[in-house]
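J.: My questions all concern the structure below.
No value in this document is a laboratory result; all are computed from the given coordinates. Since this is a predicted model, take the numbers as computed values, not measurements. We place every Cβ from the backbone using ideal geometry, glycine too, and count neighbours over all the protein chains shown.
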Amino acid sequence: MKILISDPFSKDLPQRLMRFGKVTDDKNEIPDADVILVRSATKVDKTFIDKAKKMKMVIRGGVGLDNIDVAYCNKKGIIVKNTPEASTIAVAELTFALMLGIIRNMVKAHNSMKNGQWAKDMKGSELCGKTLGIIGLGRIGTEVAKRAKAFGMNIIAYEKYNTQFACAEIVSFDELLRRSDFISLHVPLTDETNEMINRKSIKKMKDGIVLINTARGKLVNENDLAEALGSGKVRYAGLDVYQQEPPANSPLLALENVMLTPHLGAQTFENMERISDTICTIINDFKKSNPKV
């Protein structure tokens with residue numbers, strides 16, 4: 001078996017995979033790879049799949065599969081796997097880091113200290129008593145809800161597929177927009193969710209809303225969000241994902257009432273180890289079922 005590691009993973013993963021066969025990160029070997037490991041950078045589209053002539057399985061280290069043409073893989077008989085549980089804690093914690101960081105002016109306060117200032121009058125806001133609207137109450141959304149409860153927040157959620165949750169009051173999308181002081185996005189990118197945060201949906205929100213997105217950049221129309229941030233309709237935004245990555249031409253880069261991170265949601269040492277553990281399990285099971293590969 002030849003395993004190609006197409007994107008960065010934990011440093012010890014190649015060593016751990018050697019018991020299954022040859023391991024390489026040379027993309028010139030794509031045509032000969034049986035299993036290809038990707039994260040979000042590699043786009044496993046039709047062109048890539050046709051080039052990977054021997055690929056029998058592709059594993060996405062992470063949750064979303066929007067960078068993989070799953071339908072075309074299925075047509076070609078290629079197994080598609082991901083590691084949906086591994087990143088849950090890392091992304092949930094970054095969500096709170098953004099939420100707290102932006103409302104307490106952490107970046108501004110840090111920079112002012114480095115510049116020799118003592119900005120004691122720099123006031124922020126508290127989470128306690130505020131209403132957090134979670135769009136998508138899957139693994140990550142549920143972990144965010146647990147942490148929000150510990151902060152004394154009121155939690156409401158829009159969840160289309162499962163409405164039996166004890167950690168949040170389930171409401172309609174429009175009601176969530178209307179009632180929330182903070183909104184955090186935790187849904188996959190689909191035709192339905194693409195640019196679900198836009199001028200029309202923002203208009204239904206409270207004045208001074210705080211928006212957090214650690215899910216997928218294309219859930220948000222960045223031009224509409226920038227307009228709302230400029231007018232004050234949206235007071236703050238904390239973003240880890242963008243319509244284009246890196247966001248070279250995003251209007252958000254010029255604004256001061258945003259906190260931006262470079263898609264760090266899954267980037268913890270602990271998470272990368274969990275991803276490696278899951279990948280090894282997936283490949284071990286695959287090898288048992290396909291001993292001749």
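J.: Using log10 I(q)/I(0) by the Debye sum over Cα atoms at q = 0.09, 0.12, 0.14, 0.15 Å⁻¹ as the read-out, say which of (i) -0.48, -0.88, -1.21, -1.37; (ii) -0.50, -0.83, -1.04, -1.14; (iii) -0.43, -0.79, -1.10, -1.27 was calculated from these coordinates.
T.: (ii)
J.: Scan the chain and report its longest stretch carrying no chymotrypsin sites (Phe, Trp or Tyr not before Pro) that are both in a DSSP loop and have at most 12 other Cβ atoms within 10 Å.
T.: Here the longest segment lacking exposed loop sites spans 162-293.
J.: Put a dot 7 Å past each Cα toward the Cβ at K204 and V293; how far apart are the dots in nm?
T.: The two pseudo-label positions are separated by 4.4 nm.
J.: Compute the FRET efficiency between Q15 and N74 as 1/(1 + (r/R0)^6), taking r as their Cβ-Cβ distance and R0 = 22 Å, and round to the nearest 0.05.
T.: Step by step, r from the Cβ atoms, then E = 0.10.
J.: Could you give each residue of segment 233-241 its phi-based ³J(HN,Hα) in whole Hz, using Karplus coefficients 6.51, -1.76, 1.60 with θ = phi - 60°, and x for Gly or Pro?
T.: For segment 233-241, the Karplus-derived couplings read 4, 9, 6, 9, 9, x, 10, 10, 9 Hz, x marking Gly and Pro.
J.: Around V23, which amide H atoms from residues at least 5 apart in sequence, or from another chain, sit under 5 Å from its own amide H, with H modelled in the peptide plane?
T.: Sorted by chain and number, the residues that satisfy this are I3.
J.: List the trypsin sites (Lys or Arg not before Pro) within segment 47-88 that fall in a DSSP loop (any state other than H, G, I, E or B) and whose Cβ has at most 10 other Cβ atoms within 10 Å.
T.: The qualifying sites: there are none.
J.: Pairs K54/K292; K146/K203; K146/K233; K108/K203; K11/K287: which are spaced more than 20 Å apart, C-alpha to C-alpha?
T.: Violating the 20 Å limit, Cα to Cα: K146/K203; K146/K233; K108/K203; K11/K287.
J.: Something else: Where is the GNM fluctuation largest for the chain (alpha-carbon springs, 10 angstrom cutoff): L264, L239, L225?
T.: L264
J.: Here is a follow-up. Can you give the % of DSSP beta bridges in segment 88-260 that are antiparallel, to the nearest 5?
T.: DSSP beta bridges in segment 88-260 are roughly 0 percent antiparallel.
J.: Run through segment 201-273 and list the trypsin sites (Lys or Arg not before Pro) located in a DSSP loop whose Cβ has at most 14 other Cβ atoms within 10 Å.
T.: Within segment 201-273, the qualifying trypsin sites (Lys or Arg not before Pro) (loop, at most 14 other Cβ atoms within 10 Å) are K204.
J.: Taking R0 as 22 Å, what FRET efficiency do you get between N223 and K46 from their Cβ-Cβ distance, rounded to the nearest 0.05?
T.: According to the calculation, E is roughly 0.15.
J.: Next question. Out of segment 126-169, which GluC sites (Glu not before Pro) are coil in DSSP terms and have no more than 13 other C-beta atoms within 10 Å?
T.: Within segment 126-169, the qualifying GluC sites (Glu not before Pro) (loop, at most 13 other Cβ atoms within 10 Å) are E126.
J.: For T131, enumerate residues with amide H under 5 Å from its amide H, sequence gap 5+ or separate chain, H modeled in the peptide plane.
T.: Sorted by chain and number, the residues that satisfy this are N154, D181, F182.
J.: Still on this structure, I have one more. At 222 nm, what helix-only mean residue ellipticity would the chain give, in deg cm²/dmol to the nearest 500, using -39500 (n - 2.57) for each DSSP H run of four or more?
T.: Taken over the chain, the calculation gives -9500 deg cm²/dmol.
J.: Once phi is turned into ³J(HN,Hα) by the Karplus curve 6.51 cos²θ - 1.76 cosθ + 1.60 with θ = phi - 60°, what whole-Hz value does each residue of segment 85-94 show in order, with x for glycine and proline?
T.: 7, 4, 8, 4, 5, 4, 6, 4, 5, 5
J.: Here is a further query. Just to be sure I understand: with springs between alpha-carbon atoms less than 10 Å apart, which residue in V70, V187, V258 has the highest mean-square fluctuation in the Gaussian network model of the chain?
T.: Of V70, V187, V258, the Gaussian network model singles out V70 as fluctuating most.
J.: Report the label-to-label distance for F173 and N28 in nanometres (one decimal), using points 7 Å from each Cα along the Cα→Cβ vector.
T.: 4.9 nm
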